[in-house]
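The values are calculated or read from the model by the stated rules, or taken from the named source; none is laboratory data. No experiment lies behind these values; they were computed from the predicted model shown. All Cβ positions, even for glycine, are placed from backbone atoms using ideal geometry, and neighbour counts span all protein chains on display.
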């Protein structure tokens, strides 16, 4: 059984949830590994590629985003998650459109959730951070970043040997959330792949 499946996809729901049981430990000192990963991330917090990139793969559900699929990764799941009913704000009472797409290579995973939104990034990001802390995720860094030319939030954490990098931003009426998970010891070796993916990601807006 792939235990990583038990945590994937939940990180960027309104209340972030992580299933903790039966996740194998990869050994090593999490704090030391986390500091090495932090050094890999862009110091200026800018993930956007100034010359533009990507477009090789377009969201097949609602056409909300385009991205370059990393070599060796495949699409393992894609589904319409239009079951989220908004309880307050401009979309109150409505069911908004959401795309859920997952890219995988072995035990490396990249999950994308893009949905219609009318809420603020700051409030959503705070809810995600609080939800992860309550779920037992060790958070090493949280900060605001720039991705796709828009203000976003970056969070680096781990839980029982699994490193998580999450980047969330809002643009063109959409809320984009990208979650990367990998065994701690493999994160650094694949950092270039992860960074290229984030830099190639582009919002296409509501269609």
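Structure values in brief
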{"quantity": "Output for region 174-207, where each listed residue is modelled with pLDDT of 90 or more, surrounded by fewer than 18 Cβ atoms within 10 Å (Cβ to Cβ) and within 22 Å of residue 117 (Cα to Cα)", "calculated": "204"}
{"quantity": "Some residue of region 178-188 being touching a helix residue (DSSP H, G or I) at 6+ places or on another chain (Cβ under 8 Å), closer than 18 Å to residue 124 by Cβ, in contact (Cβ under 8 Å) with a residue 40 or more places away in the chain and not in a loop (DSSP other than H, G, I, E, B)", "calculated": "yes"}
{"quantity": "Residue that is in contact (Cβ under 8 Å) with a residue 40 or more places away in the chain, closer than 21 Å to residue 35 by Cα and out of contact with any helix residue (DSSP H, G or I) (no Cβ under 8 Å at 6 or more places or on another chain), where the choices are 121, 198", "calculated": "198"}
{"quantity": "Subset of region 129-173 [touching a residue at least 24 places away in the same chain (Cβ under 8 Å), in contact with a strand residue (DSSP E or B) (Cβ under 7 Å, 6 or more places away or on another chain), surrounded by fewer than 23 Cβ atoms within 10 Å (Cβ to Cβ) and part of a helix (DSSP H, G or I)]", "calculated": "129"}
{"quantity": "Among the residues listed as 166, 179, the single one being within 12 Å of the chain's Cα centre (by Cα) and within 18 Å of residue 31 (Cα to Cα)", "calculated": "166"}
{"quantity": "Residue within region 21-30 that is surrounded by 12 or more Cβ atoms within 10 Å (Cβ to Cβ) and modelled with pLDDT of 80 or more present", "calculated": "no"}
{"quantity": "Test for residue 103: is it within 18 Å of residue 156 (Cβ to Cβ) and surrounded by 15 or more Cβ atoms within 10 Å (Cβ to Cβ)", "calculated": "no"}
{"quantity": "Residue within region 76-95 that is assigned to a strand (DSSP E or B), in contact with a strand residue (DSSP E or B) (Cβ under 9 Å, 6 or more places away or on another chain) and either at pLDDT 90 or above or on the phi > 0 side of the Ramachandran plot (or both) present", "calculated": "no"}
{"quantity": "Residue 70, sole failed condition from (1) assigned to a loop (DSSP other than H, G, I, E, B); (2) farther than 21 Å from residue 190 by Cβ; (3) at pLDDT 50 or above", "calculated": "(2)"}
